[in-house]
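The values are calculated or read from the model by the stated rules, or taken from the named source; none is laboratory data. Quantities reported herein were computed from a predicted structural model and do not represent experimental measurements. All Cβ positions, glycine included, derive from the backbone under ideal geometry; neighbour counts span all protein chains shown.
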Amino acid sequence: MNLIAIDIGNTNVKVAFFLDDTEQQIVCFSPADEGFQERLGRFLEDCWEQVPLVASAAEPIRNGVIVVSSVNPETTEWVRQICLSELGEKIKVIGQDVPLPIETSVDSPFEVGTDRLITAAAAYSVVEDAVVVADFGTAVTIDLVDEAGVFVGGTISPGFEMALGAMHEHTARLPAVSMQKPVSVYGVNTSEAMRAGVYWAAVGLLETLCRKYAEQLGRWPHVILTGGNAAIFKDDCEFVDSYVPDLAVRGIMIAWKKSLFEADDIERLDD
């Protein structure tokens, strides 16, 4: 299968290119950077030109698809227009053109960010058992999938930069601080104290929620850590079983394949 998977988050756009089911490239773009649309367009065009043509088609048609998961409607529209203008191709959006990839027991499945659902689906496809998926990005989501592969829910918390920014914006003297791993458990100056606070709060939050989820399940689940900020603190999370930085784009591939299998099943029933 030939696929361009685009994961549109609140801060970044991650693009993975799969050719014949094999991952070729994964590149991250920031819409805040100058020339974002032009650089993204060039990258997508370069990938799309590598997708082979459909041999039996009367007109040149690429044997591939562009599938998007998004929590940012404005950026999604940019990507939609880039794909139309540069590639002449329509995107398929999970939750709109592609069914949600995992069964849920939440109140409103379509209100859950598709980023959470695709990472949950990807995690369960590997573990095939109860799994906690902790995604540390702009926001932090820590979700639980039960042993039957049902997304039962989770938590949403501020990410590192959001927490640091809130402290600066809502106090008179706390400085603007960027996130990096603190030098020690306790800060010897204000900036280090702020970093240590959000860092160890994240470790404690994840460990506590995993323990609470385990109490609900009756056993300790497999724990997968992902997201752009996870690399900073993963080494201090001994209870984490796996670190997979690009889980979301793999979840997009799974969502698309699952939709094709389900469509085939419906066709067989109709026959």
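Collect the residues in the stretch 12-22 that are surrounded by fewer than 16 Cβ atoms within 10 Å (Cβ to Cβ) and closer than 20 Å to Ile94 by Cα, keeping them in residue-number order.
Asp21
What's the number of the only condition in (1) touching a helix residue (DSSP H, G or I) at 6+ places or on another chain (Cβ under 7 Å); (2) under 22 Å from Ile118 (Cα atoms) that Val177 fails to meet?
Going through (1) touching a helix residue (DSSP H, G or I) at 6+ places or on another chain (Cβ under 7 Å); (2) under 22 Å from Ile118 (Cα atoms) one by one, Val177 breaks only (2).
Out of all the residues in the stretch 10-20, is one or more part of a loop (DSSP other than H, G, I, E, B), out of contact with any strand residue (DSSP E or B) (no Cβ under 8 Å at 6 or more places or on another chain) and touching a residue at least 60 places away in the same chain (Cβ under 8 Å)?
For the stretch 10-20, residues part of a loop (DSSP other than H, G, I, E, B), out of contact with any strand residue (DSSP E or B) (no Cβ under 8 Å at 6 or more places or on another chain) and touching a residue at least 60 places away in the same chain (Cβ under 8 Å): present.
If we scan the stretch 35-46, do we find a residue that is exposed (fewer than 13 other Cβ atoms within 10 Å of the Cβ) and either in contact with a Gly (Cβ under 9 Å, 6 or more places away or on another chain) or at pLDDT below 95 (or both)?
The first filter runs over the stretch 35-46 and keeps only residues exposed (fewer than 13 other Cβ atoms within 10 Å of the Cβ), leaving 35, 38, 46.
Subset that is either in contact with a Gly (Cβ under 9 Å, 6 or more places away or on another chain) or at pLDDT below 95 (or both): 35, 38.
Within the stretch 35-46, one or more residues are exposed (fewer than 13 other Cβ atoms within 10 Å of the Cβ) and either in contact with a Gly (Cβ under 9 Å, 6 or more places away or on another chain) or at pLDDT below 95 (or both).
So which of Glu169, Glu238, Glu207 ends up being within 19 Å of Val132 (Cβ to Cβ), without any contact (Cβ under 8 Å) to a residue 12 or more places away in the chain and out of contact with any strand residue (DSSP E or B) (no Cβ under 9 Å at 6 or more places or on another chain)? If you could, list the steps in order and put the result at the bottom.
Working: Glu169 fails: within 19 Å of Val132 (Cβ to Cβ); Glu207 fails: without any contact (Cβ under 8 Å) to a residue 12 or more places away in the chain.
On inspection, the qualifying residue turns out to be Glu238.
Restricting to the stretch 149-166, what's the tally of residues that are touching a residue at least 24 places away in the same chain (Cβ under 8 Å) and either among the small types (Gly, Ala, Ser) or under 13 Å from Gly197 (Cβ atoms) (or both)?
Here the count works out to 8.
Determine whether Lys234 is of a type outside the set (Ser, Thr, Tyr) and assigned to a helix (DSSP H, G or I).
Working: of a type outside the set (Ser, Thr, Tyr): yes; assigned to a helix (DSSP H, G or I): yes.
Yes; evaluated as a whole, the condition is true for this residue.
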